[in-house]
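For reference, the structure discussed in these notes is given below.
Read the figures in this text as sums done on the coordinates, not as results from a lab. The structure presented is a predicted model; accordingly, all values stated were derived computationally and were not measured. A quick note on method: Cβ atoms are made from the backbone with ideal geometry, for glycine too, and the neighbour counts reach across all protein chains shown.
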Amino acid sequence: MGRRPTGSTRGGLARGGQEGGFKAAFEAEIVAEIETLVGTGTVDDWDFEAIETAARRQAMRVAARAVERLINADTSDCAGATLPCACGQPARYIGRHDKTFGSVLGPLTLSRAYYHCEPCKKGFCPRDHALGLQDGSLSPGVLRMVRYAEFRAAGLCTSTGVVESGCKTAIGTRCKRSGMHWTVAGADAIIAPRCRTLSGRFEDFWERRAQRRVAA
Ligand SMILES: [Zn+2]
């Protein structure tokens, strides 16, 4: 309609050169991590599953930091000294408050403008509402993934106890003994065969490996 956009511009993250620098740095970080995991062995000696898992984890971590940085660079959610509270009274701007949310990319710590209403003795962050984060500490993407009621109705287990005790049995009892220190690659190298053994897939692994050697 020929109307020019008004209001505050998005973000303090400069476009162009600086962003290119961030992108290159993020990419370099992922590549360096993967190269460390791979080590000096030849491709045929890779534990490909461990590399896949670790590479995905690292890529998610870097992506989470990029999203976090972009959101936190935009401080336009501070819309003046007061905002109307639901009660009708003005809520006063207090400052920026940090909160860590669980997201599909992993934890994200967001810095949001916080307003406090004296009559209600309650506060709110407009950005939480804008991003669909007002109901707790999980992102909309995670909430969609954890449709507990739906899963329970289908007879599926939604308790984390099974996974937690699995972690304790598979990883804790092997990697958290007194005085132990691990590199990511070293821990992966121990955990992968241990999980195969505990899952009853140890022989499958060696069979697959033997078949691959024959085929090579
Ligand atoms: Zn109020």
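Rounded to two decimals, what is Rg over Rh for segment 82-145 when you use alpha-carbon atoms and the Kirkwood radius? Intermediate results must be reported in sequence, preceding the final value.
Details: Rg = 12.9 Å, Rh = 12.4 Å.
That ratio equals 1.04.
By how many nm would the segment from Thr36 to Arg144 grow when fully extended, if each residue of separation counts as 0.36 nm and the alpha-carbon distance is taken off?
35.4 nm
Would you please calculate the Kirkwood hydrodynamic radius of segment 25-141 over all C-alpha pairs and express it in Å, rounded to one decimal? All intermediate terms of the calculation are to be shown ahead of the outcome.
Values: mean 1/r = 0.0595 Å⁻¹.
Kirkwood hydrodynamic radius for segment 25-141: 16.8 Å.
Taking the Cα-to-Cβ direction at Ala170 and at Ile94 and moving 7 Å from each Cα, how far apart do the two end points lie in nm?
4.1 nm
Subtracting the Cα-Cα distance from 0.36 nm times the residue separation, let me have the gained length for Arg208 to Asp45 in nm, one decimal. Let's see the in-between values first.
On the way: separation 163, 0.36 × 163 = 58.68 nm, distance 1.34 nm.
Going from the current span to full extension adds 57.3 nm.
Alpha carbon centre of segment 37-51 versus segment 144-197: separation in Å?
After rounding, the separation between the Cα centres reads 23 Å.
May I ask you to derive the FRET efficiency for Ala216 and Val163 from their Cβ-Cβ distance with R0 = 45 Å, giving the value to the nearest 0.05? Mind showing how you got there, number by number?
On the way: r = 36 Å, r/R0 = 0.81.
It comes out at approximately 0.80.
Can you work out ³J(HN,Hα) from phi for every residue in segment 186-199, in order, using Karplus 6.51 cos²θ - 1.76 cosθ + 1.60 and θ = phi - 60°, giving whole Hz and x for Gly and Pro?
x, 5, 4, 5, 7, 5, 4, x, 5, 5, 4, 5, 5, 8
From largest to smallest, what semi-axes in whole angstrom does the chain give when each is the square root of 5 times an eigenvalue of its alpha carbon gyration tensor?
Working: eigenvalues 397, 124, 52 Å².
Its equivalent ellipsoid spans semi-axes of 45, 25, 16 Å.
Figure the gain on full extension for Asp74 and Arg201 (residue separation times 0.36 nm, minus the Cα-Cα span) and round it to one decimal in nm.
Details: separation 127, 0.36 × 127 = 45.72 nm, distance 4.90 nm.
So the extension gain works out to 40.8 nm.
Measure off 7 Å from each Cα along the Cα-to-Cβ vector at Ala24 and Ala153, then give the distance between these two points in nanometres to one decimal.
Inter-label distance under the simple model: 5.3 nm.
Which value in nm describes the separation of the simple spin-label points at Ala55 and Ala185, placed 7 Å from the Cα toward the beta carbon?
According to this spin-label approximation, the distance is 1.5 nm.
If we count other beta carbons within 10 Å of each Cβ, what is the order of Ser178, Ser139, fewest first? It would help to have the intermediate numbers written out before the result.
On the way: Ser178 4, Ser139 20.
Least crowded to most crowded, the residues run Ser178, Ser139.
Averaging over all projection directions, find the projected area of the Cα convex hull of segment 124-205 and quote it in nm² with one decimal place. Intermediate results must be reported in sequence, preceding the final value.
Numbers: hull surface 37.4 nm².
Averaged projected area of segment 124-205's Cα convex hull equals 9.3 nm².
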